[in-house]
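The values are calculated or read from the model by the stated rules, or taken from the named source; none is laboratory data. Everything numeric in this text was worked out from a predicted model, so none of it was measured. Virtual Cβ from ideal backbone geometry, glycine too; neighbours counted across all protein chains shown. Just the protein is used for accessible areas: all its heavy atoms, side chains included, with ligands, DNA and RNA removed. Shrake-Rupley method; radii C 1.70, N 1.55, O 1.52, S 1.80 Å.
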Amino acid sequence: KITGDSPWIFEAWEYCQLPERIIGGGGTNFNPVFEWVEQNDVRPDLLIYFTDGKGQFPPYEPVYPVVWLVKGKQAVPWGDRIQLN
């Protein structure tokens, strides 16, 4: 729900063209991404979330690995957190 043309699905060897501008800043509902994965019967090898970490997380950790790339000091409830500076 970041842009009208998301989600983006690509293979590791394919070029991924991101939008020129992504607007945000706290209060994100992280659930739609995880709901989309479940509803579309997708089994990702890895889900990477770029975030400030401020928002509503799903109450459960999915069976696939999740990496949160976090700009800021916000904690995440599960998954692997990588600090972006």
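Whole number in Å², please: accessible area per residue of region 9-85, 1.4 Å probe, ligands, DNA and RNA not counted.
Ligands and nucleic acids excluded, the result is 77 Å² per residue.
Going highest first, how would you order 63-76, 33-46 by mean Cβ packing within 10 Å?
So the peptides 63-76, 33-46, ranked by packing, come out 63-76, 33-46.
Say the dipole of the chain comes from +1 at the beta carbon of Lys and Arg and -1 at that of Asp and Glu; which of L47, V66, P77 then lies farthest toward its positive end?
Going by the charge dipole, the pick is P77.
Taking amide hydrogens as modeled 1.01 Å from N in the peptide plane, which residues meet the under 5 Å criterion relative to R81, leaving out close sequence neighbours?
Hits under the 5 Å cutoff: W68.
Stick to the Cα atoms of the chain, pair each with every other, and give me the Kirkwood hydrodynamic radius in Å at one decimal. Intermediate values should be presented prior to the final figure.
Numbers: mean 1/r = 0.0715 Å⁻¹.
Roughly 14.0 Å, rounded to one decimal.
Please state the charge dipole magnitude for the chain, taken about the Cα centre, from unit charges on C-beta atoms (+1 on K and R, -1 on D and E), reported in debye and rounded to the nearest 20.
480
Multiplying the sequence separation of R81 and A12 by 0.36 nm and subtracting their Cα-Cα distance, what value in nm do you get?
My answer for the length gained is 22.7 nm.
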